[in-house]
Amino acid sequence: MTTAAAPSPTIASYARDFDELKKSRGGDASPLLASLRERAWSEFERLGFPTTRRGNELWKYTDLRRLDSEAFTRVSADSIGDITAETIRERSPWSDDWHTAVVIDGQFVSALSRNLSVEGLSISELVQSAADDGQSVDLALGKLAVIEGNPFVALNTALFESGVLICVADGAEIERPVHVLNLFTDGADNRAFYPRTLLQAGANSNVTVIESFVSLGAGPQLVAPVFEIALGSGSHVRHCRVQLENDRSVHLGTTRVDLPANSEFNSTTFATGPAIGRNDVHTRLSGEGAACTLHGLYITNGSSHQDNEISTTHEKPHGTSHQYYKGILAGKSRAVFSGKVLVKPGAMKTVAQQKDLNLLLSRGVEIDTKPSLEIYADDVKCAHGATAGHVDPNMLFYLLSRGVSHHEAAKMLIIGFASEIVDEFEPAPLREYLYRKLEQIVPELESEGIL
C-alpha cells in the first residue's frame, strides 16, 4: 500500500492546474465525472508524490525527488501547435488501414484520426462521451484504475481533459488494429500530459489495440497516462504498448485490466527513452478460466531509468498467467523489474510463470529484479526466475573469428536478444517499425557498452 507523503512544494502548481481546468470547462457536464475528479484531487493532495522510498516497497528502487523540485504544468487545449498528417506518419507507427485515434498533448484530435467507426466498433472522445451517455461510461471510468493509494492515477483522474473511449460490441471481430497514438509536442517549459483511455470489450469479442507514446521534441515533460481495459466474458484483447519518448521525460504509466470468465488478454510492451519511466500493470483474473500474458522489452542507456511494476491476481480456478520480460542496459542506466503473482484462496488449478532476463552491456548499469509468488490455494503450478549477465565473450569471439565486424557482431547479439519479444508485435507494419527503431538505438548502446 502506498504511504502518504509530506506535501511537496510543487503541489501548489498542480492545484492551480486543477482550478484552471474546472474554470475552463465550466464544470463537467457529467455529475459523476465531476465528483470523481474532486475525490481524485483530494486523494492526490493527501498522498503527494511518493518520494519517500524507505518503507515504501512500490517505489523502493525509483527516485522521484525530481518531481518535488520541478513543477510540470498542464498543457491546455488551445496551446497545441499545428501538427500535420505528414509529420505524424514520419515520426510514429502508422498505417492508413488502422483505426487510429490521434491524441496530441493529451487532447483527442478527430481531424487527424482515421477510421473511427466500423460495424461493432466505435472510438470517441471520452469526456464528451461521458457527458452524452452518462451512465455506461461513468460507471466504468475509475472502477479498474482506483484512485485510492495511487498518486498518479489520482493526478490523472483529476487533470485529464479529453481521453479516448473504445467500445467493442458483443461478438464483434475487429479485423484491423485500433491505434491510440499519443504525441507530445515540443516546449521550453516543463509540461505535463494526462492521457486517459477506456476500452470496453463486449462478450466474445476480439480486438487488437496499439497504444503508443512518441515525443516530437526534446523538451522536458511529465506523462502520466491511465488505461483501463474491461473485457467481457469470452473476449480476447491483444495489446501492444510502445513507449518512445525523449531522454528528458518522466513517464509514469498505469494499466488496469479485468478478465472475467474465459477471457484472454495478451500484452507486449517496447519501452525506451525517458529519464524516468514506469510501466505499472495489474491484471485481475476475476473469472474462471481467464488467461493473461504479459511480455515486454525495456532498453535503457545513458542515465535513464525504467521501472516495471507487473502484477497479476488470480481470483478463480483454472486461470493462466505468464510474465516474461527482457532488459537491455547500457551506460550508467538502471532498470527495475518487480513482478508479482497473487493466487487467492479458492483459485485452484492456477498455472502461473514469471521470468525476467537482462543483458548488461556496461559495467556501470544496475538491475533490481524481484519476481515473487504469493499463493493461498492448493493444486497450483507456479514458477519464477530471473537472470542478469554480460555478453558471452566466447560468442563474440566466435562471430569475430568468422569475419564479422565488431559493429555487426554487437548488432547481431543485441538484436538477437531483443527479437524474441519484438517478433510478438502485431501487425507487421508495427513490428517492422520497431525493428527500425532498434537498429537506430544499437550504435548508441554499443558506444556505451563493453562489447
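Taken together, His282, His239 contain a single residue that is free of Cβ contacts under 8 Å to residues at least 40 places away in the same chain, in a strand (DSSP E or B) and over 28 Å from Asp97 (Cα atoms), which is His282. Is it fair to say Gly302 is surrounded by fewer than 21 Cβ atoms within 10 Å (Cβ to Cβ) and over 20 Å from the mean Cα position of the chain (by Cα)? Taking the combined requirement at face value, the residue satisfies it. Residue-level analysis places Asp247 among those that are in a loop (DSSP other than H, G, I, E, B) and either closer than 27 Å to Pro151 by Cβ or modelled with pLDDT under 95 (or both).
Restricting Asp378, Asp368 to those that are acidic (Asp, Glu), free of Cβ contacts under 8 Å to residues at least 60 places away in the same chain and closer than 30 Å to Leu58 by Cβ reduces the list to Asp378.
Which residue, of Pro345, Pro371, Pro443, Pro429, is of a type outside the set (Phe, Trp, Tyr) and either touching a Cys at 6+ places or on another chain (Cβ under 7 Å) or in a loop (DSSP other than H, G, I, E, B) (or both)?
Being of a type outside the set (Phe, Trp, Tyr) and either touching a Cys at 6+ places or on another chain (Cβ under 7 Å) or in a loop (DSSP other than H, G, I, E, B) (or both) holds for just one of Pro345, Pro371, Pro443, Pro429, which is Pro345.
Residues in the range 320-367 that are of a type in the set (Val, Ile, Thr) and more than 12 Å from His384 (Cβ to Cβ) were compared, and the one that is surrounded by the fewest Cβ atoms within 10 Å (Cβ to Cβ) is Val351. If you go through the range 338-362, how many residues are touching a Pro at 6+ places or on another chain (Cβ under 7 Å) and farther than 11 Å from Tyr376 by Cα? The number of residues fulfilling the criteria is 4.
Regarding the range 425-435, can at least one residue be identified that is within 30 Å of Leu342 (Cα to Cα), within 26 Å of the chain's Cα centre (by Cα) and touching a residue at least 24 places away in the same chain (Cβ under 8 Å)? If you could, list the steps in order and put the result at the bottom.
Taking the range 425-435 first, the residues within 30 Å of Leu342 (Cα to Cα) are 425-426.
Remaining after also requiring within 26 Å of the chain's Cα centre (by Cα): 425-426.
Next, from what is left, pick out any that are touching a residue at least 24 places away in the same chain (Cβ under 8 Å): 425-426.
For the range 425-435, residues within 30 Å of Leu342 (Cα to Cα), within 26 Å of the chain's Cα centre (by Cα) and touching a residue at least 24 places away in the same chain (Cβ under 8 Å): present.
The values are calculated or read from the model by the stated rules, or taken from the named source; none is laboratory data. Note that the coordinates shown come from a computational prediction; the quantities given were computed from them, not determined experimentally. Every residue, glycine among them, receives a Cβ derived from its backbone with ideal geometry; neighbour counts consider all protein chains shown.
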